[in-house]
Amino acid sequence: MNGFAEILDDVRRQVPVVHSITNYVTVNDCANVILALGGSAIMADDADEVEQIAGLSAALVINIGTLNQHTIPAMLAAGKRANALGRPVVLDPVGAGASDLRNDTLARLLGEVRFAAIKGNSAEIRFLAGSAVAARGVDAGGETLVTEANLEASARMAAGLSARTGAAVVVSGPIDLVAFHDAAWAVRNGDAHMAGITGAGCMAAAATGCCLGAAPDKAAEACLCAMAAMGVAGEMAAEQLIPAGGGLGSFRTLLLDALGRLDGPALAARVQVESVF
C-alpha cells in the first residue's frame, strides 16, 4: 500500500481533536503522543459530558485498561454519539479475556458501537476472534506473539475479525499486523525497548485515533501510518539511547521526541511494510 505516510502530514495540517476515554495508567502518555503527532488531545470520561466532547472531536479512542462502572456508560454514550456524527472510533481491548467485567463490556461495546479500528496485542485480538487464550493480565504471552512462523495464520485471524466487525484490525507486537477485510500488511519497524515501557500499546491506539481523525475514510492507511510512525520513532529513540547508555525512562522521553520530529517523508524513507495477502 502506497501513500499512507502522507497521512502524518495531514495530521499536522488539520490538527484533529482526539477524544480519549482511556486508562489512568497511560492517560498522560496517550495525550502526549497525540500532541507529538500534531493532534489535539482531550481526555474526558464523565458520562455527563462525553457526548458533547464527541461532537467537538474528529475521532474517539476507547481503552478499557482500567475499566470501572463510572466509565462504562461514558464509553457507550460517547461511542454512539461519535457513530451518529460519522466520527471514527478506535477500540483498545486491554486485558481482553482477563475478567468477566472486561469481557461483558467488550461484548456490549462491539454490539452497540461501530468501530473504525480495533487495536490490541496478539492475545487480545485472538480472544476477540474467538480463539482460546490463557489471559495473563494486560500483556501478550510469548506463545501468542506474531512471528515469521505464524505470520500468515495471525493475519488471517485478524482479517476474519475485520470481516466480522467491519473494522480495520491492528495486532501490535514485534511484527505489527494491519488487516482490513480480505487484505493484510506486516509492519516490521520498532525496537525491543518498546515492550519494556508501560503503555506502548495504548500510545499506538492514541496514534491510530490521531491518524483516523485526519483520514476517516482511509481506515487501513491510517492504521498503517500510526503503527509505522510508532515503530520508526522507536527505532529513532533507540539510536539515540544506546550510545548514551540510557534506560527505559530515557527511552520513553526519546520516543516522544522522535514522534514530534517525524514527518511524512521521513516516515516513508524508513518504513518497512509488506503485503501478507
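The values are calculated or read from the model by the stated rules, or taken from the named source; none is laboratory data. Remember, it's a predicted structure, so these values are computed and weren't measured experimentally. With ideal geometry, Cβ positions are generated from the backbone for all residues, glycine too; neighbour counts draw on all protein chains shown. Each accessible area value is taken on the protein alone, full model and side chains, heavy atoms only, with ligands, DNA and RNA left out. Shrake-Rupley method; radii C 1.70, N 1.55, O 1.52, S 1.80 Å.
Taking the stretch 139-165 as the region of interest, how many residues are outside any helix (DSSP H, G or I), open to solvent by less than 70 Å² (accessible area, probe 1.4 Å) and either modelled with pLDDT under 80 or acidic (Asp, Glu) (or both)? So the count comes out to 2. If the condition is being open to solvent by 10 Å² or more (accessible area, probe 1.4 Å) and touching a Ser or Thr at 6+ places or on another chain (Cβ under 7 Å), then the stretch 1-22 contributes VAL15, VAL17. Filtered by the rule that a residue be under 13 Å from the mean Cα position of the chain (by Cα) and β-branched (Val, Ile, Thr), the stretch 189-220 gives a lone residue, THR208.
Select from the stretch 264-277 the residues that are exposed (fewer than 15 other Cβ atoms within 10 Å of the Cβ) and either on the phi > 0 side of the Ramachandran plot or not in a helix (DSSP H, G or I) (or both) and list them in ascending order.
Correct list: GLN272, GLU274, SER275, PHE277.
Of everything listed in (1) touching a residue at least 40 places away in the same chain (Cβ under 8 Å); (2) more than 25 Å from ASN23 (Cβ to Cβ); (3) outside any helix (DSSP H, G or I), the single unmet condition for PRO216 is (2).
The C-beta contact set for the stretch 153-164 (first residue within 17 Å of CYS223 (Cα to Cα), second residue of a type in the set (Phe, Trp, Tyr), distance under 7 angstrom, 6+ apart or interchain) comprises ALA155/PHE277; SER162/PHE180. Scanning the stretch 113-132 for residues that are more than 19 Å from THR22 (Cβ to Cβ) and open to solvent by 20 Å² or more (accessible area, probe 1.4 Å) returns ARG114, ARG126, PHE127, ALA129, GLY130, SER131, ALA132.
Considered as a group, the residues in the stretch 54-93 that are in contact (Cβ under 8 Å) with a residue 24 or more places away in the chain and out of contact with any helix residue (DSSP H, G or I) (no Cβ under 7 Å at 6 or more places or on another chain) include one that is most open to solvent (accessible area, probe 1.4 Å), and that residue is LEU56.
Among the residues of the stretch 166-184, write down those that are more than 24 Å from LEU109 (Cβ to Cβ), under 15 Å from the mean Cα position of the chain (by Cα) and at pLDDT 95 or above. Passing the criteria: only ILE175. On inspection, MET230 passes the criterion of being buried (at least 24 other Cβ atoms within 10 Å of the Cβ) and farther than 16 Å from VAL89 by Cα. Here LEU177 fulfils each of the conditions (1) in contact (Cβ under 8 Å) with a residue 40 or more places away in the chain; (2) open to solvent by 50 Å² or more (accessible area, probe 1.4 Å) apart from (2). Taking the stretch 191-217 as the range and being surrounded by fewer than 24 Cβ atoms within 10 Å (Cβ to Cβ), touching a helix residue (DSSP H, G or I) at 6+ places or on another chain (Cβ under 7 Å) and not small (Gly, Ala, Ser) as the test, the residues that pass are ASP191, HIS193, ILE197.
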